[in-house]
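Heads up: the structure comes next, in structure tokens.
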Amino acid sequence: MKKQLYRAAAATVLGLSLTTGIVAADNTGTIGETGPGSSNHVSANTDIDHHVSNDNDVRLTNTNGQGASTGSANVSGNTNGGSAGSGDAANANTVSATLNINNSASSAAGMGSATGTNATGAINGPTGPGSSNSVTSHIDVDTSVRNDNDLNVTNTNSQSASSGSANVSGNTNGGSATSGDASNTSSSTFTFSVTN
């Protein structure tokens with residue numbers, strides 16, 4: 001008794017990290033004409049393990065220290081006191097930070113890992129009397145996508161403003177004394193965009 005055994009098997013393992021791709025596996029098995037009393041089996045198996053891992057760690061630290069002060073303005077000890085003025089003091093600070101994280105390409109590749117996968121078997125032609133023929137097909141796709149995004153922002157803004165003293169004293173005819181303004185200005189903008 002003539003026996004024919006045909007077996008087709010394929011295994012594809014693909015690991016993907018932060019890249020794109022499509023897995024395509026074509027696994028076929030075919031038996032032609034078989035003899036009497038023969039035992040024939042076609043097994044087509046495709047196994048795909050596809051894992052995507054994105055780990056994004058973003059740290060943003062902004063420290064702004066400002067101080068503004070004006071000097072003192074004093075008129076004293078004069079018969080006819082004039083005027084004294086102290087100028088303005090000011091600080092300004094502007095910070096803008098924009099960050100974009102896009103993991104969609106690698107995530108889409110992981111979710112589409114079974115695209116184009118094929119595992120087929122066939123028995124063509126006549127089979128002999130009393131023969132035993134079977135075809136099995138198995139596709140196993142294991143897909144996992146992991147996105148770990150850690151975004152941390154630390155913004156420290158320390159400001160102080162003081163104006164000097166304005167004093168008119170000890171004059172027969174006192175004038176005027178003016179102390180200028182002191183000011184601080186700070187503006188911070190942080191924008192984060194995460195796409196998985």
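Checking the structure you have, find out if any residue of region 145-158 is more than 43 Å from the chain's Cα centre (by Cα), among the small types (G, A, S) and exposed (fewer than 15 other Cβ atoms within 10 Å of the Cβ). Explain how you work it out, then say what you get.
Taking region 145-158 and keeping what is more than 43 Å from the chain's Cα centre (by Cα), we get none.
No: region 145-158 contains no residue that is more than 43 Å from the chain's Cα centre (by Cα), among the small types (G, A, S) and exposed (fewer than 15 other Cβ atoms within 10 Å of the Cβ).
Scanning for something out of contact with any Lys or Arg (no Cβ under 7 Å at 6 or more places or on another chain), closer than 18 Å to V58 by Cβ and loosely packed, with under 14 Cβ neighbours inside 10 Å, does region 178-192 turn up at least one residue?
To start, the set of residues in region 178-192 that are out of contact with any Lys or Arg (no Cβ under 7 Å at 6 or more places or on another chain) comprises 178-192.
When the remaining residues are screened for being closer than 18 Å to V58 by Cβ, the result is 188-192.
With the extra rule that they be loosely packed, with under 14 Cβ neighbours inside 10 Å, the set shrinks to 189, 191.
So far as region 178-192 goes, yes, one or more of its residues are out of contact with any Lys or Arg (no Cβ under 7 Å at 6 or more places or on another chain), closer than 18 Å to V58 by Cβ and loosely packed, with under 14 Cβ neighbours inside 10 Å.
Do we have any residue at all in region 105-112 that's touching a His at 6+ places or on another chain (Cβ under 7 Å), closer than 30 Å to S43 by Cα and hydrophobic (A, V, I, L, M, F, W, C)?
Applying the first criterion (touching a His at 6+ places or on another chain (Cβ under 7 Å)) to region 105-112 yields 110.
This time we only want the ones that are closer than 30 Å to S43 by Cα, so: 110.
Next, only the ones that are hydrophobic (A, V, I, L, M, F, W, C) stay: none.
No, region 105-112 contains no residue that is touching a His at 6+ places or on another chain (Cβ under 7 Å), closer than 30 Å to S43 by Cα and hydrophobic (A, V, I, L, M, F, W, C).
Please identify the pairs in which a residue from region 166-177 that is under 7 Å from S76 (Cα atoms) has its Cβ atom under 7 Å from the Cβ atom of a residue that is assigned to a strand (DSSP E or B), counting only partners at least 6 apart or on another chain.
From region 166-177, the pairs are V168/V75; V168/A177; S169/S76; G170/S76; N171/V75; N171/S76.
S107 - would you say it is in a helix (DSSP H, G or I), touching a residue at least 12 places away in the same chain (Cβ under 8 Å) and among the polar types (S, T, N, Q)?
Criteria met by S107.
For residues that are within 26 Å of the chain's Cα centre (by Cα) and of a type outside the set (G, A, S), tally how many sit in region 166-196.
Here is the first cut: in region 166-196, the residues within 26 Å of the chain's Cα centre (by Cα) are 187-196.
Going one step further and asking which of them are of a type outside the set (G, A, S), we end up with 189-192, 194-196.
Residues in region 166-196 being within 26 Å of the chain's Cα centre (by Cα) and of a type outside the set (G, A, S): 7 in total.
Bear in mind that the values in this text are calculations on the coordinates, not laboratory data. Treat the numbers as computed from the prediction; the structure is a model and nothing was measured. Glycine gets a Cβ as well: all are built from the backbone with ideal geometry, and neighbour counts include every protein chain shown.
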